[in-house]
């Protein structure tokens, strides 16, 4: 299984290629790094400066300053691009998604994570059931655009403390099944499952839809090994589900570069051991 780290290019640019930090990929931030509503020249210049390889006629493919490639990106939508409630702007969503997917493909990213609790939070006084239908419609807008650019949008269920819509793996699977397009799939985030008290068996039930995964410890979203969380039941469920995708460490990292390196190295070692014990 490929193991990645959720981080900004600047956080990892100075890392060496030692085995302690040999992640397979980095998962970056759509809004910060792909800038879907910025001009193309602004994006191209900033992507090149960040070490994200581009293949275009205007900017040659860079060697890349990053120690490992960007293969995924999260934080899909800004909070003001609402997909539920009375202020939905489907035209803006389509423009934004098309540009985000185009730029993702240009730098080699294949999975875009749709967490974006601020964008999908159903406003007070608005029916949750109607909000869910709007959310499904937003996924339907995005699906053909993702497919056009060869990327996959993955629905990330968020714990109930962060959002009021699509909180569980089974709710996420229901939304993805409603769309039923190859451009929209499901993400399993073990941190959110732990916060919600979800059963690992739900991963097996949702197995056919799962295309990406996240992990962090439950209490403070720390890296594996900080608090000693055992992710075994969830990893074994992923194995039973036939999951063959990647796993990103989406954690709260120390602001100190040295401390972050130490946490990341320990987290990578711990999750590798737990994955091996689960049969990966």
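Being part of a helix (DSSP H, G or I), touching a strand residue (DSSP E or B) at 6+ places or on another chain (Cβ under 9 Å) and crowded, with 18+ Cβ neighbours inside 10 Å holds for only one residue in 72, 119, 143, and it is 143. Of everything in the stretch 122-140, what is more than 19 Å from the chain's Cα centre (by Cα) and either surrounded by 17 or more Cβ atoms within 10 Å (Cβ to Cβ) or within 19 Å of residue 95 (Cα to Cα) (or both)? Give them in sequence order. If the condition is that a residue be more than 19 Å from the chain's Cα centre (by Cα) and either surrounded by 17 or more Cβ atoms within 10 Å (Cβ to Cβ) or within 19 Å of residue 95 (Cα to Cα) (or both), then 122, 131, 132, 134, 137 are the ones that fit. For the stretch 6-15, check the following and say yes or no: at least one residue is more than 19 Å from residue 257 (Cβ to Cβ) and either in contact with a strand residue (DSSP E or B) (Cβ under 6 Å, 6 or more places away or on another chain) or at pLDDT 95 or above (or both). No, the stretch 6-15 contains no residue that is more than 19 Å from residue 257 (Cβ to Cβ) and either in contact with a strand residue (DSSP E or B) (Cβ under 6 Å, 6 or more places away or on another chain) or at pLDDT 95 or above (or both).
Of all residues in the stretch 1-15 being crowded, with 22+ Cβ neighbours inside 10 Å and under 12 Å from the mean Cα position of the chain (by Cα), which is farthest from residue 211 (Cα to Cα)?
Residues of the stretch 1-15 that are crowded, with 22+ Cβ neighbours inside 10 Å, as a first pass: 4-5, 7, 12, 15.
Restricting the remaining residues to those that are under 12 Å from the mean Cα position of the chain (by Cα) gives 4-5, 7.
Working: 4: 14, 5: 16, 7: 20 Å.
This residue is 7.
Taking the criterion of being modelled with pLDDT of 90 or more, farther than 15 Å from residue 100 by Cα and more than 20 Å from the chain's Cα centre (by Cα), would at least one residue in the stretch 16-36 satisfy it? So far as the stretch 16-36 goes, no, none of its residues is modelled with pLDDT of 90 or more, farther than 15 Å from residue 100 by Cα and more than 20 Å from the chain's Cα centre (by Cα).
The values are calculated or read from the model by the stated rules, or taken from the named source; none is laboratory data. Given the structure is predicted, the values throughout are model-derived calculations rather than measurements. When we count neighbours, we look across all protein chains shown, and the Cβ atoms used for this are built from the backbone with ideal geometry, even at glycine.
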